[in-house]
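Engineer: Take this structure, written in structure tokens, and hold onto it; I'll ask about it next.
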Amino acid sequence: MAQARISCCLPPNIDPTKSPVAFGERALPKLNEELKDSELITRQRALMALCDLVHDPENVYQAVHLGFLESLKSLLHDQDSTVRQKATEVFYIMAGHSVGRQGILKSDVIPAISKLLDDPVVICRQNMHKTFEMVSELPAGAAALVKANLVVQLVQKLECELEDIQMIILETLHFMLQTDVLQALSAGAVGILKGKLSHPSAGIRRMAAKALMDICVPLEGKETVCQEEVVPLLVHLLQDSDNEVRANAAGALMNITITTQGKYAAINSGAIPKLLALVSDGYSRVRLNSLKALTTLSEAPEGRKVLLADVNIIQSCLDDQSEAVRRAAAIAIQVIQWKP
Amino acid sequence: MTSVIPRQKEMGSGTYTFSSQPRVVQNRRKYRGVQPTVNEESFTYGNIMYDRRVVRGNTYAQHTLPLSAQPDPIEFQRQQEAQRRALAKKRAKELLRPRTPEAVEGRKHIDVQTELYLEELSDRVEEKDMECQTDAFLDRPPTPLFIPAKTGADVATQILEGELFDFDLEVKPMLEVLVGKTIEQALLEVMEEEELAQLRAQQRAFEELRNAELAEAHRLEEQERRHREEKERRKKQHREILLKEKETAEKVAARAFAQQYLADLVPSVFSSLRDNGYFYDPVERDVETTFMPWLMEEVENIMKKNDLGRTMLDMIIRDVVKKRLADFQRATSQDYLKYEVNSQGQEIKSEKSVMQPQNPDTEAKHPELQLKDPETEHKDEILSDI
């Protein structure tokens, strides 16, 4: 029989941190209303629920069309740190989906979210950088990030951020540098990356070498790198224990040694014997990059003289399992044995 | 309680005929959903006691107008007036009554239930006011706990032990839902991560190729640039060589021409110079320029001296002649006769005296005579020395 008493205990299986999700199609519109609520706990609970929902691409699609991005943008400047954390996390998860990335680019989230660069809460910054990284994987996203003048700020952040965040920033820079290098060069990126090359963490060394490889693609980058004397450090990294570090260092050398200045810098710091040792590496990227670097080095007469004696090492790569390596080896041998 | 009206068909003959059978108005269902179709055949009639069309109670107490009675117009008017007055009074009373203040802007008053236990107000029990008087001064029994009048019908079923709730059985669907939802969410996230990882791997593989090809393209570009520069340099060098060769040829030609031109020049210049007397013998020139004039001068000097000596001698002779003439004339004029024999000796004497004193005089008068040529003197001396 019903009694006029109400229990103080909430029913068991309900997570008080999450707001209950409405059924079916109503779920996201309801959450959007709750996101705009003036009460803090409602917003927090809505964000918690949203974090789980946006893993589903269908929900992301619906969310983008319902204008969630606008309400999330306004939540980025919330007083409460939990709200900011969760809002950035939602952005990160959404950026994992193609629809989400396009929505983010379309509704200009990048300038709004980049105001959190100096946020006191670490998780907020981390989520923000993860979002940037996800967005930058899209060429249009990388272009948008460059357009928002984030290159200079990110390069400066490299010096003062935590290691985890540094990794994410370096990954983002990798994509952004494929779009534009000159901004980074004027921000002094080469000097900072040079410092990161001797970092104890393998991940950071790997990313720094990768970013340097991207910087070296245009001519200005190659010149700057030669002026800053990064080549000996890269040659030293060729003996690193990490596969990726070796591959990226060899890749950076492959790009630097295209100029004559770079060739002599590399030959003088003893790159040839180390690269020759890498030709028989177990990792195909290392082999490919070192073969390419050797090819460029052998264009210098000094390099050719040394390499002519060791052509048989490169010849062993002709029956490699990777097609790109085989082709690179053929080109290398052809360049080494070239006679004027 | 319920009575079933016998079906019309069974009734056979009736007072009424229906186009459709009369039936109870169907109650609205509480929940929306598929309305079960009412089967005319199986329709069961409800309680006639609740049918509104059935008049209840004593029909004698009901006020019915006599059919013949005409309504009195005055009475009717009075009644209407009273009714209107009562209405006006009621309205005035309502206005005078204290009310709650007006609702704040944007809100409005609504009636709410203030009881702790909310009741559904939909079906109200029909009420009728009854009065009763309690006995005076009876002990008032404690007020029983308010239990709202129940609604709905009670149904009872006997339930045996273990029949109603088996935890293991009941928890199964619940758990399935819970676990299913969690697993679904987890799978979604894992799949998302896997997809991302695969995309990254593919991207990395693509980048590997792209970077290598990019480097190759740059290398070839650089090579091309070097070759072009080399070609330019060689061209430039070759042009310079040609230029130099041309210059040298011109120089050689000029030299040959100059040599040819100059070959005749030297002898002609020398001959003309020689002709003009630019080349000479120094001894000859010295003799010509200095010795000969000196010699001439010296000769002239000696000649002059000779001349002077002769002049002097001439003068002396003249003087002597003049004096001898004068002496002779005096002697002749005065003592010509006396001294004619002696005069000849005297004359010689005088001649001698005249000559003697006159020598130093001439010498004094002509100092140049004294300055004899030192060279001649010297020569004389030298000769004497020898």
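The values are calculated or read from the model by the stated rules, or taken from the named source; none is laboratory data. Nothing here was measured: the structure is a model prediction, and the numbers come from that model. FYI the Cβ positions are ideal-geometry reconstructions off the backbone, even for glycines, and counts take in every protein chain you see. For the accessible areas, the whole protein counts, side chains as well, though only heavy atoms, and no ligand, DNA or RNA atoms are used. Shrake-Rupley method; radii C 1.70, N 1.55, O 1.52, S 1.80 Å.
Engineer: At a probe size of 1.4 Å, how large is the accessible area of B:T134, to the nearest 10 Å²?
Structural biologist: 110
Engineer: Among the lysines, which have Cα under 27 Å from the Cα of B:K172 when same-chain residues fewer than 8 positions away are ignored?
Structural biologist: B:K172 reaches A:K18, B:K181.
Engineer: Among A:L75, A:H199, A:L162, whose Cα projects farthest towards the positive end of the dipole of chain A, with charges put on the beta-carbon of Lys, Arg (+1) and Asp, Glu (-1)?
Structural biologist: Sorting the options by dipole projection puts first A:H199.
Engineer: Hey, another quick one. Let me know the mean shielding of A:251-259 by other chains, meaning the per-residue number of their Cβ atoms within 10 Å of its Cβ. Don't skip to the answer; put the middle values down first.
Structural biologist: Numbers: counts 6, 1, 1, 7, 5, 0, 3, 9, 3.
The per-residue average across the peptide is 4.
Engineer: Another question, then. Given the protein chains as shown and a 1.4 Å probe, how many square angstrom of B:L175 are accessible, to the nearest 10?
Structural biologist: 90
Engineer: Heavy atoms only, probe 1.4 angstrom, no DNA, RNA or ligands counted: give me A:S316, A:S186 ranked by accessible area, highest first.
Structural biologist: Values: A:S316 70, A:S186 100 Å².
From most accessible down to least: A:S186, A:S316.
Engineer: So which lysines pass the test for B:K236, namely a Cα distance under 17 Å, with those fewer than 8 places away in the same chain ruled out?
Structural biologist: B:K244, B:K246
Engineer: Right, something else. Modelling each spin label as a point 7 Å along the Cα-to-Cβ direction, I'd like the B:T248/B:R234 distance in nm, to one decimal.
Structural biologist: A separation of 2.1 nm, rounded to one decimal place.
Engineer: Show which lysines lie in cross-link reach of B:K90 when reach means a straight Cα distance below 25 angstrom and same-chain residues fewer than eight apart are skipped.
Structural biologist: Correct list for B:K90: B:K108, B:K128.
Engineer: In this model, which of A:K196/A:K292; A:K305/A:K339; A:K210/A:K292; A:K222/A:K263; A:K292/B:K235; A:K106/A:K147 are farther than 20 Å apart at the alpha-carbon? Let's see the in-between values first.
Structural biologist: Details: A:K196/A:K292 24 Å; A:K305/A:K339 11 Å; A:K210/A:K292 16 Å; A:K222/A:K263 11 Å; A:K292/B:K235 32 Å; A:K106/A:K147 14 Å.
From the list (A:K196/A:K292; A:K305/A:K339; A:K210/A:K292; A:K222/A:K263; A:K292/B:K235; A:K106/A:K147), the Cα-Cα distance tops 20 Å for A:K196/A:K292; A:K292/B:K235.
Engineer: So, one more: Could you give the DSSP H helices of chain A that reach 18 angstrom or more along their long axis (alpha carbon positions) and whose average Kyte-Doolittle hydropathy is no lower than -0.5? Write out the running numbers ahead of the final one.
Structural biologist: Working: long enough: A:40-53 (20 Å, 0.79); A:81-95 (21 Å, 0.15); A:122-136 (21 Å, -0.11); A:163-179 (24 Å, 0.55); A:202-215 (20 Å, 0.50); A:243-256 (20 Å, 0.19); A:284-297 (19 Å, 0.13); A:323-336 (20 Å, 1.06).
Within chain A the helices that satisfy the rule are A:40-53, A:81-95, A:122-136, A:163-179, A:202-215, A:243-256, A:284-297, A:323-336.
Engineer: On to the next question. Heavy atoms only, 1.4 Å probe, whole protein assembly: order B:M174, A:M94 by accessible area, highest first.
Structural biologist: My answer, sorted largest first, is B:M174, A:M94.
Engineer: OK, next. Taking all protein chains together and a probe of 1.4 Å, list B:F206, A:F132 from the most accessible to the least accessible. The partial results should precede the final answer.
Structural biologist: Values: B:F206 125, A:F132 5 Å².
Descending order: B:F206, A:F132.
Engineer: Express in whole angstrom the spacing between the alpha-carbon centres of the stretch A:271-340 and the stretch A:217-267.
Structural biologist: 16
Engineer: Label A:S74 and A:D37 with points 7 Å out from Cα along Cα→Cβ: what is the distance between them in nm?
Structural biologist: 1.6
Engineer: Per-residue ellipticity at 222 nm for chain A, helices alone: DSSP H runs ≥ 4 residues times -39500 (n - 2.57), over residue total, nearest 500 deg cm²/dmol?
Structural biologist: Details: 23 runs with 237 residues, N = 340.
Only helices count here, giving -20500 deg cm²/dmol.
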